[in-house]
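Worksheet: one structure, shown below.
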Amino acid sequence: MKAIILAGGSGERFWPLSNSKTPKQFLKLFSDKTLIRETYERMRYKMEPTDIFIITAEKYQQLTMKEIPEIPKENIILEPIPRNTAPACMIGTQIAQDDEIVVILPADHYIPDKSKFWDTLSEAIQGAQKYDGLFTLGINPTRPETGYGYIEAGKAINNSTYKVNSFKEKPDPEKAKIFLSKGNYYWNSGMFIWKKGTFLEQMKKHSPGIYNQLINISPWDTDNLRKIMPNIEKISIDYALLERSDNVYVVKADFVWSDVGNWVSVRELQGYSDNDENVHVIDGKNVFVKSDKFVGIIGLSNIIVVEGENGILIAKEEYSQDVRKISEKLKKIG
Ligand code: GDD
Ligand code: MG
């Protein structure tokens, strides 16, 4: 079995801590370890370092090596030009042997309980061995979130696993509300489990363009990838494969999970800072503060204050999605 951690994203919703040089996966949001380090340790819990691979942008090579010095250098696969997760999955999965199981994982999620995580993952691994399908891990939805994929569970094949009727990536708010009300929809956790052979056969059928462009390229042939990648479609695996395939299964995830999409998700997990030693609030409440300095807040509620090396963020909670606009603006200024 091989684990492949996708770590090439350039999420910028965590300014002023993140920017294009230090995206979310390299931040220490919940402990003294970065999210990518936590992801590696979660897999290392049951796997050897030599079987854990990371696929990331060339510009993050040094950072990745620094975070995870235990894995061999060749286990860090480099993309000269990132084209979203479908090409990354196609390159990554080819590391494995034909009948070997591949586990694809995002690098930037919060999953505190390794043991419970592995209970669910083991079920998916057994399922993928037995049914030759594309296996997903489904999270119970709690709000009509439009930033996730929605998995419609169909016929049960055992206590925790279902054949998938349909997969809808990032629905509009109306659809998300309907899905939430149905009871048999799950959020896609962004983790996938498949046999290399099953995945390649499905890619050939549903995304023949990406399949044909990458099928004969070694994951380590960065020079050739540099030539090919500009012509490859920029598309996520959710749109390129999961939405199109009729060979998808979902295992109900029985562990605490968050994809930590913005500062509000961090606040939800860590709680408000109103009673922190360095925070003093007058005529206000429900503030979230990340700073080593003393912070005084007067007459403001439901706000986020984050101090980083590159600046200070002060935002109303309801605008936390717009933090990326600041990153974009700063990129333009240079
Ligand atoms: N190597 C590589 N190359 N990695 C990438 C690239 C790329 O071009 N683009 C993104 N990634 C990595 C990110 O760093 C992250 O770890 C993971 O792939 C997922 O990418 P996101 O960009 O964070 O995806 P998303 O959050 O919008 O949506 C996905 O995750 C949701 C759950 O968090 C989808 O799978 C949704 O269906 C799912 O609900
Ligand atoms: Mg994400």
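The values are calculated or read from the model by the stated rules, or taken from the named source; none is laboratory data. As the structure is a computational prediction, the values presented were derived from the model and not from experiment. Here Cβ is always computed from backbone atoms with ideal geometry, including for glycine, and neighbour counts include all displayed protein chains. Each accessible area value is taken on the protein alone, full model and side chains, heavy atoms only, with ligands, DNA and RNA left out. Shrake-Rupley method; radii C 1.70, N 1.55, O 1.52, S 1.80 Å.
The table that follows gives values for the structure above.
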| item | result |
| --- | --- |
| Above-threshold pairs, the threshold being 32 Å between Cα atoms, out of Lys28/Lys329; Lys2/Lys59; Lys182/Lys205; Lys2/Lys329; Lys175/Lys332 | Lys2/Lys329; Lys175/Lys332 |
| Spatially proximal aspartates and glutamates relative to Lys293 (Cα-Cα < 18 Å; intrachain offsets below 8 disregarded) | Asp274, Asp276, Glu277, Glu307, Glu309 |
| Cross-link pairs Lys73/Lys163; Lys73/Lys170; Lys66/Lys170; Lys21/Lys170 - those with Cα-Cα distance over 30 Å | Lys73/Lys163; Lys73/Lys170; Lys66/Lys170 |
| 14 Å Cα-Cα reach of Lys196 towards aspartates and glutamates, excluding residues that sit fewer than 8 places from it in its own chain | Asp98, Asp99, Glu100, Asp132 |
| The chain: angle of helix 196-206 to the longest principal axis, Cα-based, in degrees nearest 10 | 90 |
| Calculated Rg and Dmax of the chain using C-alpha coordinates, Å | 20.4, 64 |
| Under 17 Å from the Cα of Lys168 - aspartates and glutamates, other chains or at least 8 residues apart | Glu145, Glu152, Asp238, Glu243, Asp246 |
| Highest-first arrangement of 164-170, 112-118, where packing means the average Cβ count within 10 Å | 164-170, 112-118 |
| 0 to 90° range, to nearest 10: angle between helix 114-131 axis and the chain longest Cα axis | 30 |
| Carbon/sulfur fraction of accessible area - the stretch 261-334, other protein chains in place, 1.4 Å, % | 49 |
| Among Ala153, Trp187, Gly138 the positive-end extreme of the charge dipole of the stretch 109-193 (Cβ point charges) | Ala153 |
| Between helix 323-333 and the chain: long-axis angle, C-alpha atoms, 0 to 90°, nearest 10 | 90 |
| Average accessible surface area per residue within the chain, 1.4 Å rolling probe, Å² | 47 |
| Computed [θ] at 222 nm, helices only, for the chain once each DSSP H run of length n ≥ 4 contributes -39500 (n - 2.57) | -8500 deg cm²/dmol |
